[in-house]
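Report on the structure given below.
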Number of protein chains: 4
Amino acid sequence: MMPIKPIRIFITGGTFDKEYNELNGQLFFKDTQMHDLLEMGRNKVPVVIRTLMMIDSLDMTTQDRELIVHQCVQCEEDKIIITHGTDTMAITAKVLAESIKNKTIVLTGAMIPIKFGSSDGLFNLGSAMAFVQSLPPGVYVAMNGRYFSWDNVRKNKQTGIFEEIE
Amino acid sequence: MMPIKPIRIFITGGTFDKEYNELNGQLFFKDTQMHDLLEMGRNKVPVVIRTLMMIDSLDMTTQDRELIVHQCVQCEEDKIIITHGTDTMAITAKVLAESIKNKTIVLTGAMIPIKFGSSDGLFNLGSAMAFVQSLPPGVYVAMNGRYFSWDNVRKNKQTGIFEEIE
Amino acid sequence: MMPIKPIRIFITGGTFDKEYNELNGQLFFKDTQMHDLLEMGRNKVPVVIRTLMMIDSLDMTTQDRELIVHQCVQCEEDKIIITHGTDTMAITAKVLAESIKNKTIVLTGAMIPIKFGSSDGLFNLGSAMAFVQSLPPGVYVAMNGRYFSWDNVRKNKQTGIFEEIE
Amino acid sequence: MMPIKPIRIFITGGTFDKEYNELNGQLFFKDTQMHDLLEMGRNKVPVVIRTLMMIDSLDMTTQDRELIVHQCVQCEEDKIIITHGTDTMAITAKVLAESIKNKTIVLTGAMIPIKFGSSDGLFNLGSAMAFVQSLPPGVYVAMNGRYFSWDNVRKNKQTGIFEEIE
């Protein structure tokens, strides 16, 4: 048996990790749910998890994206999952693709916070974990059970569903 | 945009679909949770779902496996997910591999029933959905975030974890 | 066996019934979760449920409260549960107590929406259902496993916990 | 504000606390879910929790019931909740009522294990917590949103619902 090389997981926030603040009724970020989800999924693929930021993707700046690119370039793993808000996931995918050619990078997220009972987050994480192991180098978005190449994906604002541009 | 070809999903039972009978305290099979899970995952990959049986995989007979093989051969889809009890998943994978060469077949299941709050089923289904779309023709087991070729997989009875034979 | 007299349940909204809008990331009201909760609790006490409004209790006006009082006076049941946002639950309790003396009215709610996995709503509903059957006529708030008389209760804004005024 | 006297909670097992053993597919007892439930319910009533046994109520012996009676007599609290399997809850209630007159004792349980997403346990616990505070001394069963006196209650084996004997 060949040892499996670890997969890098970068956390950036997004709906995926939102929680409910019971004192003011607002959604907010505390800690990532990633460890709990991987444990629930009985995941045995070795992973190295690092939280880069905890923000809404609508608030993500050029500097934030440079940081994400930098971290993806620097890390020694060549298979990377990034959890990300869905609204600008396609933008970050494009920025990553311009700089990184030799790694498989899969961005995923959730339409409903993990902490809600009906979240899609665990399903999306399972698919991202599979796609990152089986797709060739490139930058992809994994949502709705599908994967999309960085240069042909957008979130449909009316339906909330990811789709090809053309 | 190219239309996505449907994926066939065959249900055979297993822990995945077990429910709790509150009158006698036994676990039993009623209906598959598959539709609810795909809805929760916001899956948009077209699927055709068919329940072949609803049994514990320890009770699966040679005839049951012949039926599964027959259904996989006959169906027009060439990407197939099979939900299956974990105890004999590797046996069914082997039987399938002996008869079918030109389709991508992914068997998956769950260690904990979907109806339990802490089930791995949604994660496993997400990974099976991704592997079936991205792996070349062959028969695979998708569990623990990983995929295994049919000829190099077993469930470790002590740990409940899937692993390579060698 | 004596038939049990029905309990009236009035829905007014509050955190209890908030849902997550996955298109814009906002919390909003759709339908009440009451029926699902009573089914989950295997409740067999006959109930008559009516939604009066679906609002944040911070937005509740004098007219809204008059409507609630009117409905409590008019309905033929003399045991009434009202689901209500926690922020002004004590105010509505006071208004009710000024007008209604001969009925047992229990206000309850939730700190976390029912739709979140970790909501206190089912626990609170169980306690409200019990208090309304066992307390003498009067107006009460049922939260945190306790009951409070309308004239000696407030929500501590710092802790989110209900407590006596003195 | 008067300090609230603590409520004693005795754990005896039952469906309430059953978990799923993913290695052999059997339901079993590990630890009580009581602390998690009280936290989820934001309970602020002081409680003293003690696990007396962790068994199916069909396996409960005369000695087990003597132990429960002894503990209820000995403890300094005069309000007691007992979690108990539903099948023989009425028997234990009767045994308790024969020995104890001056305390309010409420037995409750669950038709579905807490660990299942759709358990009635949190609702039942909320109602037990309320009934134990508001009912006069006596021994009661709290299930299905209702309370029953120890001498007029049985579980209907066909429906799983608690009801009066006559």
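Below, the figures for the structure above:
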{"item": "Residue in segment D:48-71 that is in contact with a strand residue (DSSP E or B) (Cβ under 6 Å, 6 or more places away or on another chain), modelled with pLDDT under 95 and loosely packed, with under 14 Cβ neighbours inside 10 Å present", "result": "no"}
{"item": "Qualifying positions in segment B:121-132 - more than 7 Å from chain A (Cβ to nearest Cβ), under 17 Å from B:K44 (Cβ atoms) and either in contact (Cβ under 8 Å) with a residue 60 or more places away in the chain or surrounded by fewer than 24 Cβ atoms within 10 Å (Cβ to Cβ) (or both)", "result": "B:V132"}
{"item": "Any hit, segment D:39-49, residues being closer than 27 Å to D:G160 by Cα and of a type in the set (V, I, T)", "result": "no"}
{"item": "Selection status of A:I55, closer than 29 Å to C:L27 by Cα, hydrophobic (A, V, I, L, M, F, W, C) and out of contact with any Asp or Glu (no Cβ under 9 Å at 6 or more places or on another chain)", "result": "no"}
{"item": "Helices (runs of 4 or more DSSP H) wholly inside segment C:1-115 that include at least 1 residues being under 29 Å from D:E39 (Cβ atoms) and free of Cβ contacts under 8 Å to residues at least 12 places away in the same chain", "result": "C:34-40"}
{"item": "Residue match in segment A:42-58 (condition: among the basic types (K, R) and more than 25 Å from C:F116 (Cα to Cα))", "result": "yes"}
{"item": "Residue that is nearest to C:M143 (Cα to Cα) [pool: residues in segment C:73-90 that are open to solvent by 50 Å² or more (accessible area, probe 1.4 Å) and within 14 Å of another protein chain (Cβ to nearest Cβ)]", "result": "C:D87"}
{"item": "Positions within segment B:133-154 being outside any loop (DSSP other than H, G, I, E, B) and surrounded by fewer than 21 Cβ atoms within 10 Å (Cβ to Cβ), in sequence order", "result": "B:S134, B:G138, B:S149, B:R154"}
{"item": "Total residues in segment B:96-107, condition in contact with a Leu (Cβ under 6 Å, 6 or more places away or on another chain) and within 14 Å of another protein chain (Cβ to nearest Cβ)", "result": "1"}
{"item": "Unique match (being touching a strand residue (DSSP E or B) at 6+ places or on another chain (Cβ under 7 Å) and either open to solvent by less than 10 Å² (accessible area, probe 1.4 Å) or more than 14 Å from chain D (Cβ to nearest Cβ) (or both)) among C:A110, C:A93", "result": "C:A93"}
{"item": "Residues satisfying the stated conditions in segment D:141-166, i.e. in contact with a strand residue (DSSP E or B) (Cβ under 7 Å, 6 or more places away or on another chain), within 10 Å of chain C (Cβ to nearest Cβ) and farther than 19 Å from C:P46 by Cβ", "result": "D:I165"}
{"item": "In segment D:1-31, the residues that are under 17 Å from the mean Cα position of the chain (by Cα) and over 30 Å from B:G13 (Cα atoms)", "result": "D:P6, D:I7, D:R8, D:I9, D:F10, D:I11, D:T12"}
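Listed here are the residues, each with its yes/no results for (1) within 12 Å of chain D (Cβ to nearest Cβ); (2) under 22 Å from A:E22 (Cα atoms).
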{"position": "C:I11", "(1), (2)": "no, yes"}
{"position": "C:Q26", "(1), (2)": "no, yes"}
{"position": "C:H35", "(1), (2)": "no, no"}
{"position": "C:G41", "(1), (2)": "yes, no"}
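The values are calculated or read from the model by the stated rules, or taken from the named source; none is laboratory data. Keep in mind that this is a model prediction, so the values were computed, not measured. With ideal geometry, Cβ positions are generated from the backbone for all residues, glycine too; neighbour counts draw on all protein chains shown. Please note that ligands, DNA and RNA were not included when accessible areas were found on the heavy atoms of the full protein model with its side chains. Shrake-Rupley method; radii C 1.70, N 1.55, O 1.52, S 1.80 Å.
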